[in-house]
Amino acid sequence: MQAVKQLFIIFLAFFSLFGLSAPAAHSATAWTATVESVGDGDSFKARRNGRTVRVRLYGIDSPEFKQRYGYQSRQLARQLLPKRGEIVVYPVDRDQYGRVVGLVRSGGILVNREMVRQGAAWLYPRYCRERAFCAELKVMQEQARSARLGLWQDANPEPPWIWKRRQSHKR
């Protein structure tokens, strides 16, 4: 436990001292938009240049809406991404559904990070590739787990990638 706290402090000090943050790496391609709607804890629709853009939060996976804590996760995402609120999107990739996968800043808060910090989403190891950022999310996830925040109120919450696989086998 103490080691996790020390690691977190080291990450914060490093990012603070050198002015580094995950979005800085993508600032050249960043764009602004307004939130149209939030589907669940890790995806939403935004309006950019008169067009609707579907966005997936990079590096995280939130509970599915029908899954335990899915509703709570969506509610937090709605608070962080208020309808008609202005956001900054730092695109990282596109997913198999054509959504922009990115880091999203709203009201000065990096939404991806905040969802994990509050126990409303998991670090998504399969798709989180930026080492420093993903390591930071891992530390935040462990802190949320230790504090029993959000989905971590359960001893062993089921990650959505496993829950979805189980659901598809039931059909």
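The values are calculated or read from the model by the stated rules, or taken from the named source; none is laboratory data. Not measured: the values here are computed from a predicted model. Here the Cβ is made from the backbone with ideal geometry for all residues, glycine too, and neighbour counts use every protein chain on show.
For residues that are loosely packed, with under 14 Cβ neighbours inside 10 Å and not hydrophobic (A, V, I, L, M, F, W, C), tally how many sit in the range 154-163.
Count: 2.
Identify, please: which residue in the range 26-63 is acidic (Asp, Glu) and touching a Pro at 6+ places or on another chain (Cβ under 9 Å) and is, among those, nearest to Gly108 (Cα to Cα)?
Here is the first cut: in the range 26-63, the ones acidic (Asp, Glu) are 36, 40, 42, 61.
From what's left, touching a Pro at 6+ places or on another chain (Cβ under 9 Å): 40, 42, 61.
Numbers: Asp40: 21, Asp42: 18, Asp61: 21 Å.
Applying the filter and picking the extreme gives Asp42.
Given the residues Tyr71, Tyr124, Tyr90, Tyr58, which is the only one that is more than 17 Å from Val38 (Cα to Cα) and either modelled with pLDDT under 95 or out of contact with any His (no Cβ under 6 Å at 6 or more places or on another chain) (or both)?
On the way: Tyr71 fails: more than 17 Å from Val38 (Cα to Cα); Tyr90 fails: either modelled with pLDDT under 95 or out of contact with any His (no Cβ under 6 Å at 6 or more places or on another chain) (or both); Tyr58 fails: more than 17 Å from Val38 (Cα to Cα).
Criteria check complete, one pass: Tyr124.
Which pairs turn up if I take residues in the range 67-92 that are surrounded by fewer than 21 Cβ atoms within 10 Å (Cβ to Cβ) and look for partners that are in a strand (DSSP E or B) and among the basic types (Lys, Arg) with beta carbon separation below 7 Å, at least 6 apart in sequence or on another chain?
Pairs that qualify, where the first residue is surrounded by fewer than 21 Cβ atoms within 10 Å (Cβ to Cβ) and the partner is in a strand (DSSP E or B) and among the basic types (Lys, Arg), are Val88/Arg105.
It is to be established whether one or more residues within the range 121-131 are crowded, with 21+ Cβ neighbours inside 10 Å and of a type in the set (A, V, I, L, M).
Yes, the range 121-131 contains a residue that is crowded, with 21+ Cβ neighbours inside 10 Å and of a type in the set (A, V, I, L, M).
Inspect all residues belonging to the range 46-55 and state whether any of them is closer than 30 Å to Asp154 by Cβ, hydroxyl-bearing (Ser, Thr, Tyr) and touching a residue at least 12 places away in the same chain (Cβ under 8 Å).
No, the range 46-55 contains no residue that is closer than 30 Å to Asp154 by Cβ, hydroxyl-bearing (Ser, Thr, Tyr) and touching a residue at least 12 places away in the same chain (Cβ under 8 Å).
Looking at (1) modelled with pLDDT of 95 or more; (2) closer than 17 Å to Trp163 by Cα; (3) over 15 Å from the mean Cα position of the chain (by Cα), which one does Lys66 not meet, given that it meets all the others?
Going through the list (1) modelled with pLDDT of 95 or more; (2) closer than 17 Å to Trp163 by Cα; (3) over 15 Å from the mean Cα position of the chain (by Cα), Lys66 breaks only (1).
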